[in-house]
Structure formats: structure tokens, C-alpha cells
Amino acid sequence: MNFVEANGAKIPAIGLGTMTLMDAVCVDAVETALCVGYRHIDTAERYRNESEVGEGLRRGLRAAGIARDDVFVTTKVWQDQRAKHIGLANFTIPLLQEAVKLASEPLVTNQIEVHPFIDQDKVTAVCRGYGLAVTAYCPLARGKVPGNEVLARIGETRGKSAAQVALRFLVQQRIVAIPRTPNPDHLAANLAVFDFKLSDVEMAEIDKLKQARMRVVNPPHAPRWDN
Ligand SMILES: NC(=O)c1ccc[n+]([C@@H]2O[C@H](COP(=O)([O-])OP(=O)(O)OC[C@H]3O[C@@H](n4cnc5c(N)ncnc54)[C@H](OP(=O)(O)O)[C@@H]3O)[C@@H](O)[C@H]2O)c1
């Protein structure tokens with residue numbers, strides 16, 4: 001397992017995304033993930049599965065014979081609740097400052113949407129300027145990556161899938177990725193991206209897949225994007 005280092009933290013470069021994973025599916029996915037080698041789990045209070053993630057962690061730690069400190073766990077506060085709590089109407093700079101004050105650990109990563117079809121070079125450079133890592137959410141573009149012909153062709157020569165090529169493309173740029181799946185085969189496949197390397201020519205070819213307006217997450221409260 002490769003790591004991305006930032007602000008003193010070592011973040012496992014592949015984590016398990018858990019958005020939409022509920023009940024026993026979520027518990028089983030987290031437990032299986034730890035057993036096959038994941039050491040990074042992503043959840044949020046908004047996903048309403050923090051308890052199930054916790055139960056999956058308890059079972060997974062026991063089954064894998066590892067300690068809680070071996071696993072990097074991310075959760076997120078939802079803006080409305082935090083804003084209400086400190087008397088603000090919406091997500092603002094004071095809200096972020098308040099959240100940072102409450103955090104027991106230094107901030108180490110900024111989570112943004114990144115996959116091979118979206119250009120996040122500008123924000124990535126800014127994050128790194130502050131010593132922060134970048135974590136890619138929706139790294140498989142919610143299913144658009146697996147059917148991509150360029151990624152599939154590049155993977156074919158090595159027996160890798162389009163999804164694995166996309167994840168390799170990200171981790172090779174020191175971007176952490178948190179693909180979501182409860183499927184045991186996909187869980188294992190998404191972790192098997194550290195035994196091959198994309199050439200500069202292949203990286204450049206994948207880079208050309210970037211286009212404007214390729215976001216899959218674009219809620220009404222999002223900022224005005226510059227790409
Ligand atoms: N901070 C934020 O604002 C934010 C926003 C969105 C998401 N997130 C986080 O990022 C995580 C990932 O994003 P996401 O869940 O939206 O989408 P995603 O990971 O880009 O895509 C998930 C889809 O990919 C499929 N998949 C996974 N592995 C595969 C493989 N090896 N081969 C083929 N298909 C595969 C899954 O299907 P199967 O189930 O069939 O495997 C699922 O349909 C979330 O779960 C959440 O933890 C954060």
C-alpha cells in the first residue's frame with residue numbers, strides 16, 4: 001500500500017468510499033475491506049452510516065488482527081448543522097476556522113472531485129502549496145470510468161481494468177483515491193494498483209481525456225467552478 005504524506009500524516013493512497021452503503025452492506029464492506037488490506041475508510045455524518053462504518057471497523061480490526069491506529073478514517077461535518085450550531089446561515093470562512101479549532105488533528109487533506117475526465121491541476125497546486133494532500137472523491141466518475149475505451153485499452157496489455165488504470169493514474173500523481181464498492185471483487189481490484197506503472201506517454205494520453213464541465217457532483221450550494 002502506497003501512502004501520500006502531508007502535514008506529518010501518512011494517508012493510505014487508496015481508501016474505501018462508503019456513500020450510499022447502508023446497514024449490513026456497509027458493515028460487511030468495511031470489514032471485508034480491512035481484511036483484504038484497506039487501511040483508509042471514508043464516511044460522513046451526511047451518509048447516515050457512521051455507526052455501520054464503526055461496526056465494520058470493530059469487526060474488521062479483529063478479523064485482520066490490526067489496531068485502530070493502523071486505519072485512517074475520514075468523516076465530515078455537514079455544513080447546515082455546523083453553521084446552525086455556531087449561528088451562521090451557511091458555510092463561511094469563520095465556519096471553517098471554527099471547525100479547524102475543534103479538530104484534534106491538523107488538517108492534512110482536501111477532498112475534491114477528481115477523475116481522469118476532470119482537470120483539478122489548479123486546486124491541487126494550491127492545496128500542495130499549503131502542505132495539504134488531495135483526496136479524489138468519485139475517482140471512478142460514478143461508473144463512467146469502467147466503460148472508457150482509452151483506459152480499457154491501456155489496461156489490457158497488463159491485465160488491468162479501466163477502473164484500475166484510472167486509480168493508478170491518480171495515485172501516480174500522489175492523489176489519494178476513495179472508490180466506493182461493496183463488491184468483494186471490486187474491493188480487491190481497486191487495491192491492486194501498486195504493482196504496475198503507467199509510462200509518461202500513457203499518462204499524457206489519459207490527461208487528454210480531461211474536458212470542461214465533467215463534474216458528477218454539482219449541488220446548488222457549490223461554488224462557481226473555474227473548469
Ligand atoms: N467530500 C465530498 O463532497 C464527497 C462527494 C462525493 C463522494 N465522496 C466520497 O467519495 C466516495 C467515492 O465516490 P462515489 O461513491 O460517488 O463514486 P465512485 O467511487 O466514483 O463510483 C462508484 C461506482 O463505481 C463502481 N465501481 C467501484 N469499483 C469498481 C471496479 N473495480 N470496476 C467497476 N466498477 C466499479 C461501483 O459499482 P459496484 O458497487 O458495482 O462496485 C459504483 O457504481 C464516496 O463513496 C464518498 O465516500 C465525497
Here is a list of conditions, (1) more than 8 Å from the ligand (Cβ to nearest atom); (2) of a type outside the set (Phe, Trp, Tyr); (3) crowded, with 19+ Cβ neighbours inside 10 Å; (4) in contact (Cβ under 8 Å) with a residue 60 or more places away in the chain, and Cys138 meets all of them except one; can you say which number that is?
(1)
Restricting the search to the stretch 57-79, which residues are surrounded by 16 or more Cβ atoms within 10 Å (Cβ to Cβ), in a helix (DSSP H, G or I) and either within 13 Å of the ligand (Cβ to nearest atom) or within 18 Å of the chain's Cα centre (by Cα) (or both)?
Leu57, Gln79
Restricting the stretch 3-14 to residues that are in a loop (DSSP other than H, G, I, E, B) and at pLDDT below 95, which is surrounded by the fewest Cβ atoms within 10 Å (Cβ to Cβ)?
Gly8
Tally, over the stretch 111-135, of residues that are of a type in the set (Asp, Glu) and within 14 Å of the ligand (Cβ to nearest atom):
1
Pro146 vs. criteria within 8 Å of the ligand (Cβ to nearest atom), outside any helix (DSSP H, G or I) and surrounded by fewer than 20 Cβ atoms within 10 Å (Cβ to Cβ):
yes
Looking at (1) more than 16 Å from the ligand (Cβ to nearest atom); (2) in contact (Cβ under 8 Å) with a residue 60 or more places away in the chain; (3) not basic (Lys, Arg), which is the only condition Leu198 fails?
(2)
Which of the residues belonging to the stretch 15-39 are touching a residue at least 40 places away in the same chain (Cβ under 8 Å), crowded, with 23+ Cβ neighbours inside 10 Å and more than 11 Å from the ligand (Cβ to nearest atom)?
Ala33, Tyr38
Selection from the stretch 149-183 of residues more than 11 Å from the ligand (Cβ to nearest atom) and outside any helix (DSSP H, G or I) yields Thr157, Arg158, Gly159, Gln172, Gln173, Arg174, Ile175
Of (1) in contact with a Leu (Cβ under 7 Å, 6 or more places away or on another chain); (2) buried (at least 22 other Cβ atoms within 10 Å of the Cβ); (3) not charged (D, E, K, R), Ala133 fails just (1)
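The values are calculated or read from the model by the stated rules, or taken from the named source; none is laboratory data. In this text the structure is predicted, and so the values were computed from the model without any measurement. Positions of Cβ are backbone-derived with ideal geometry, glycine not excepted, and every protein chain shown enters the neighbour counts.
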